[in-house]
Amino acid sequence: MAKPKIYLTHPLQLECMRFLEEHSELEYNRDTRLLESSELAAGIQGKQGLYNLSSVIGAEVMDSNPGLKVIANFGVGYNHIDVAAATARGIAVTNTPGVLTNTTADIAWVLLMDVARRVSEGDRWVRARNWVDWHPNLFIGADITGATLGLVGLGRIGKAVLRRAKGFDMKVLYWNRTRLSKADEAELGIQYADQDALYRQSDFVSLHVALNEGTRHLMGERQLSLMKPTAFLINTTRGPVVDEKALVKALQEKRIAGAGLDVFEREPNLESELYEMENVVIPPHIGSATVGTRLKMGMMAARNCIAGCLGERPPNIVNPEIYD
Ligand code: GLV
């Protein structure tokens with residue numbers, strides 16, 4: 001049987017490249033930039049599979065090759081792919097759920113602890129040769145142990161963040177589209193709160209909702225104004241869940257104490273004020289970036305892509321209705 005033809009938008013780890021090269025006729029873009037629609041369209045000519053990292057894929061890309069069968073996304077979030085358009089054309093869209101849950105929950109904690117205890121800020125200060133003496137008020141931060149954590153969204157990653165909070169004796173509030181049963185709440189040791197109450201009471205608000213039209217700018221000026229001036233916002237989901245301009249304003253006016261952000265509204269560009277603020281921690285969207293997790297994501301997306309090319313139902317399909 002002829003091997004499926006796949007276009008890959010970025011180079012991957014060696015093991016994934018070998019796997020793809022063994023099981024497909026692979027063509028790939030050699031650099032790491034996001035590709036324009038015209039480049040994607042050129043890349044997928046004659047291919048059944050598109051293996052995509054984060055490039056935006058709209059209907060025009062899909063229409064450039066009626067033979068395209070699958071768009072395999074490297075990542076759990078797929079808001080950059082027009083899934084409705086893919087479904088309408090019978091193209092499978094897949095993602096990589098589950099394998100990055102713990103790694104992403106870890107980064108939420110890294111951000112929470114870093115911004116609360118001012119580690120990156122202190123690191124910058126030491127490197128700038130500012131440290132001449134030690135005194136009791138040096139880089140005073142906020143307590144984590146015993147504080148109240150508000151989880152907005154309690155899916156896989158939200159629950160993994162919750163498990164870690166237990167080690168810090170935190171009171172945990174949550175809001176989720178569907179509320180858990182009383183028994184589950186009791187077992188997990190968490191309290192349901194509506195969003196406004198959660199913002200008012202939490203010392204740390206951590207966002208774990210997927211990005212969709214209902215959650216775009218979920219955290220806006222009004223919500224930020226409800227937070228305590230001593231509270232921190234943590235975002236590891238998708239940038240547009242937060243109104244970044246409103247966040248900058250809240251930080252400038254000291255209406256909240258700080259933010260730990262792995263994701264931004266217009267990556268790789270940030271609201272310019274954020275670059276200058278000491279009380280924000282801003283890594284470059286590295287939530288799932290560990291050797292082991294990236295390998296699992298890479299292999300999962302590769303298997304999804306190959307299955308989709310062969311006309312099999314991929315294991316991690318996000319639009320299963322195409323098979324109805
Ligand atoms: C990363 O951001 C992902 O969606 O997996």
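GNM, the chain, Cα, under 10 Å: largest mean-square fluctuation among Arg164, Arg124, Arg238?
Of the options given, Arg124 has the highest mean-square fluctuation.
Where the centroid of each part is defined by its Cα atoms, how far is the range 37-114 from the range 294-324 in Å?
First find each Cα centre; the distance between them is then 11 Å.
If each of Arg164 and Ala289 carries a label point 7 Å out from its Cα toward its Cβ, how far apart are those two points in nm?
A separation of 1.6 nm, rounded to one decimal place.
Let me check I've understood the local charge: for Pro4, count other residues with C-beta under 13 angstrom from its C-beta, Lys and Arg +1, Asp and Glu -1. What total comes out?
Working: positive: Lys3, Lys5, Lys47, Lys69, Arg303; negative: Glu21, Glu22, Glu25, Glu27, Glu312.
Residues close to Pro4 contribute a combined charge of 0.
Using r as the Cβ-Cβ distance of Ser181 and Asp63, and R0 as 51 Å, what FRET efficiency do you calculate, to the nearest 0.05? All intermediate terms of the calculation are to be shown ahead of the outcome.
Working: r = 45 Å, r/R0 = 0.89.
That pair, Ser181 with Asp63, gives E of 0.65.
Roughly what % of Cα-Cα distances in the range 216-307 sit above 23 Å, to the whole percent? Walk me through the numbers before you get to the answer.
Working: 1353 of 4186 pairs.
Within the range 216-307, distances greater than 23 Å cover 32 percent of Cα pairs.
With each pseudo-label sitting 7 Å past Cα toward Cβ, what's the Glu321-Arg200 distance in nm, one decimal?
Distance between label points: 3.9 nm.
Which angle between 0 and 90 degrees, to the nearest 10, do you get for helix 14-23 versus the longest principal axis of the chain when only C-alpha atoms count?
Its long axis makes an angle of about 30 degrees.
Treating only the Cα positions of the range 133-261 as identical point scatterers, give the base-10 log of I(q)/I(0) from the Debye formula at each q in 0.13 Å⁻¹.
Calculated log10 I(q)/I(0) at the listed q: -0.52.
Could you give the size of the charge dipole of the range 105-190 about its Cα centre, using +1 on the Cβ of each K and R and -1 on the Cβ of each D and E, expressed in debye and rounded to the nearest 20? Spell out each step's value before the answer.
Details: 14 positive and 10 negative charges, 57 e Å.
So the dipole magnitude of the range 105-190 works out to roughly 280 debye.
If you plug each phi of the range 61-70 into the Karplus form 6.51 cos²θ - 1.76 cosθ + 1.60 with θ = phi - 60°, what whole-Hz ³J(HN,Hα) values come out, in order, with x for Gly and Pro?
Each residue of the range 61-70 in turn: 5, 4, 6, 6, 8, x, x, 5, 10, 8 Hz.
For the range 15-60, which semi-axes, largest first and in whole Å, follow from the square roots of 5 times the eigenvalues of its Cα gyration tensor?
Working: eigenvalues 77, 33, 15 Å².
Its equivalent ellipsoid spans semi-axes of 20, 13, 9 Å.
If you take every DSSP beta bridge whose two residues both sit in the chain, what share of them, in percent to the nearest 5, is antiparallel?
Details: 2 of 40 bridges.
Within the chain, antiparallel bridges account for around 5 percent of the total.
Sequence neighbours fewer than 8 away in the same chain don't count; with that in mind, list the aspartates and glutamates whose C-alpha is under 16 Å from Lys5.
The qualifying aspartates and glutamates are Glu21, Glu22, Glu25, Glu27, Glu312.
Which residue, Trp131, Trp109, Trp175, has the most motion in a Gaussian network model of the chain that connects Cα atoms within less than 10 Å?
Checking each option, the largest mean-square fluctuation is seen for Trp131.
What angle, in degrees between 0 and 90 and rounded to the nearest 10, separates the Cα long axis of helix 156-166 from the longest principal axis of the Cα atoms of the chain?
Roughly 30 degrees between the two axes.
Output the antiparallel fraction of DSSP beta bridges having both residues in the range 151-286, as a percent to the nearest 5.
Numbers: 1 of 19 bridges.
Close to 5 percent.
Over the range 256-320, what portion of Cα pair distances is larger than 14 Å, expressed as a whole percent?
Working: 1449 of 2080 pairs.
Here the long-distance tail beyond 14 Å is 70 percent of all Cα pairs in the range 256-320.
Using a Gaussian network for the chain with springs between C-alpha atoms less than 10 Å apart, which of these wobbles most: Phe232, Phe168, Phe264?
Among Phe232, Phe168, Phe264, the largest GNM mean-square fluctuation belongs to Phe168.
To the nearest 20 debye, what is the magnitude of the charge dipole of the chain about its Cα centre, counting +1 on the Cβ of each Lys and Arg and -1 on the Cβ of each Asp and Glu? Present the calculation step by step, with values, prior to reporting the outcome.
Details: 36 positive and 39 negative charges, 122 e Å.
Computed charge dipole of the chain: roughly 580 debye.
Where a number appears in this text, it was derived from the coordinates with a stated rule and is not lab data. For clarity, every value in this text was computed on a predicted model and none was experimentally measured. Don't worry about glycine lacking a Cβ; one is built from the backbone with ideal geometry, like all the others, and counts go over all protein chains shown.
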